[in-house]
Amino acid sequence: MLATTQLQRVFSFKEKEQDIELADPSVSFSPEAVLNFYAQTYPILTTAKIEGPELKNDAIQYRFVSTIGTKG
């Protein structure tokens with residue numbers, strides 16, 4: 001018998017040298033929708049880009065990387 005499980009999505013970003021992990025607000029949200037959802041709480045995310053998905057520790061991990069302060 002073959003059993004399937006849905007992997008949990010994990011969203012994170014770095015602010016002031018601290019990694020912050022965010023809960024998945026809804027499995028029906030795209031990663032872009034999750035970014036927009038959290039940008040209301042964390043303004044640094046308004047200019048962030050999405051890196052991932054990456055399979056790590058039995059979870060699908062997305063990283064929001066801010067482009068503030070970078071040139072080019």
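The values are calculated or read from the model by the stated rules, or taken from the named source; none is laboratory data. Predicted model only: the values in this text are computed from it and were never measured. Don't worry about glycine lacking a Cβ; one is built from the backbone with ideal geometry, like all the others, and counts go over all protein chains shown. These area figures cover heavy atoms from the full protein model, side chains too; ligands, DNA and RNA do not enter into them. Shrake-Rupley method; radii C 1.70, N 1.55, O 1.52, S 1.80 Å.
Key figures
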quantity: All positions within the stretch 27-42 that are open to solvent by 60 Å² or more (accessible area, probe 1.4 Å), among the polar types (S, T, N, Q) and in a loop (DSSP other than H, G, I, E, B); calculated: S28, Q40, T41
quantity: Cross-chain or 6+ apart pairs with Cβ under 7 Å, the stretch 50-61 first and more than 13 Å from V34 (Cα to Cα), then of a type in the set (S, T, N, Q) and exposed (fewer than 15 other Cβ atoms within 10 Å of the Cβ); calculated: A59/Q8
